[in-house]
Amino acid sequence: MPGAAVVMKGIVRGASDALIAALVAEPQLTVVVRTTLTGELPMEHYLQLCRVFRKGEFLEIYDQTRQYEVGDEVHTPDSAWDGVVYMSFGERIANVIGSTGDPTIGGMWWIRLWAGEVSGFYPSVCTSQNYGVTCDTNLVGGHVIEGTIAMSMPPGSKVYIFPICSTHNNKDYVNMAAVTYLEGCALKNYMGT
Ligand SMILES: [Zn+2]
């Protein structure tokens, strides 16, 4: 049947979108939809974004001029990317303590990653806008987890990136909730500091 493949693809895509929409509408569920990074990167640039791990610990951003040791692992930019997380309105989130040193994906600021892969626009306000504290205008891509208690997370954890103001980012004891933006980056293999 001519065109059947296109029609089938459309049906499957439609059903998949409907399922995601239904799951996202469930207030008790946090839904992560797996995606692949959309940013098209030239190979040379891509190599510069790979992260090298030695004995399970982050060593450095891949350096083509360097000799690495047997057993060193090179992780591609995608290895830390899981997809897009959908929060319910008002869902409580908390800081990941000690996340400043988490190596970025592709050397890209976390907030730029959120803008490029999740929202399609640069954020203008804090995700937790004036929740528990008055926000400032300096926005960062903050590592967060679900819940009300800020925690340090072990390597390999799944964490999320949302745009939050530096006040919320720096005060681990202040409560946060997703009220302005409900969609964030879902990361796997969090490396921490
Ligand atoms: Zn804020």
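The values are calculated or read from the model by the stated rules, or taken from the named source; none is laboratory data. Computed from a predicted model, the values in this text were never measured in an experiment. So basically every Cβ, Gly included, is an ideal-geometry build from the backbone, and we count neighbours across all protein chains shown. For accessibility, only protein heavy atoms count, side chains too; no ligands or nucleic acids. Shrake-Rupley method; radii C 1.70, N 1.55, O 1.52, S 1.80 Å.
Counted over region 127-191 with a bin width of 5 Å, the fraction of Cα pairs per bin, in whole percents, is 4, 19, 30, 26, 15, 5, 1. Cysteines of the chain lacking any other cysteine Cβ under 4.7 Å from their own Cβ: Cys50, Cys185.
Two decimals is fine: what's Rg over Rh for region 78-188, C-alpha atoms, Kirkwood radius as Rh?
Rounded to two decimals, Rg/Rh equals 0.91.
Note on the chain: helix-only mean residue ellipticity at 222 nm, from DSSP H runs of 4+ residues weighted -39500 (n - 2.57) and normalised by residue number, equals -5500 deg cm²/dmol. Counting heavy atoms of the protein chains alone, Ile97 has an accessible area of about 70 Å² for a 1.4 Å probe.
Residues in the chain average 56 Å² of solvent-accessible surface per residue, probe 1.4 Å, ligands and nucleic acids excluded.
For region 53-93 versus region 133-162, the spacing of their alpha-carbon centroids is 17 Å. Within the chain, the longest segment free of exposed loop sites, counting GluC sites (Glu not before Pro) that fall outside DSSP classes H, G, I, E and B and have at most 15 other Cβ atoms within 10 Å, spans 70-193. Assign one of three labels to region 95-134, namely rounded, prolate or oblate, based on the Cα gyration tensor with a ≥ b ≥ c the square roots of its eigenvalues; rounded applies when a/c is under 1.5, prolate when it is not and a/b is larger than b/c, and oblate otherwise. Verdict is oblate for region 95-134.
The chain has equivalent-ellipsoid semi-axes of 28, 27, 15 Å, by the square roots of 5 times the alpha carbon gyration tensor eigenvalues, sorted largest first. The 1.4 Å probe gives accessible areas that order Thr38, Thr30, largest first, as Thr38, Thr30.
When the chymotrypsin sites (Phe, Trp or Tyr not before Pro) in region 133-193 are filtered for DSSP coil states and for at most 11 other beta-carbon atoms within 10 Å of their beta-carbon, the remaining sites are Tyr173.
Taking the accessible area of the chain, probe 1.4 Å, and keeping the other protein chains in place, the carbon and sulfur fraction comes to 57%. Pairs of Lys residues in the chain, spaced 8 or more positions apart or belonging to different chains, with C-alpha separations under 23 angstrom: 4 in total. Within region 4-187, antiparallel bridges make up roughly 95 percent of the DSSP beta bridges whose residues both belong there.
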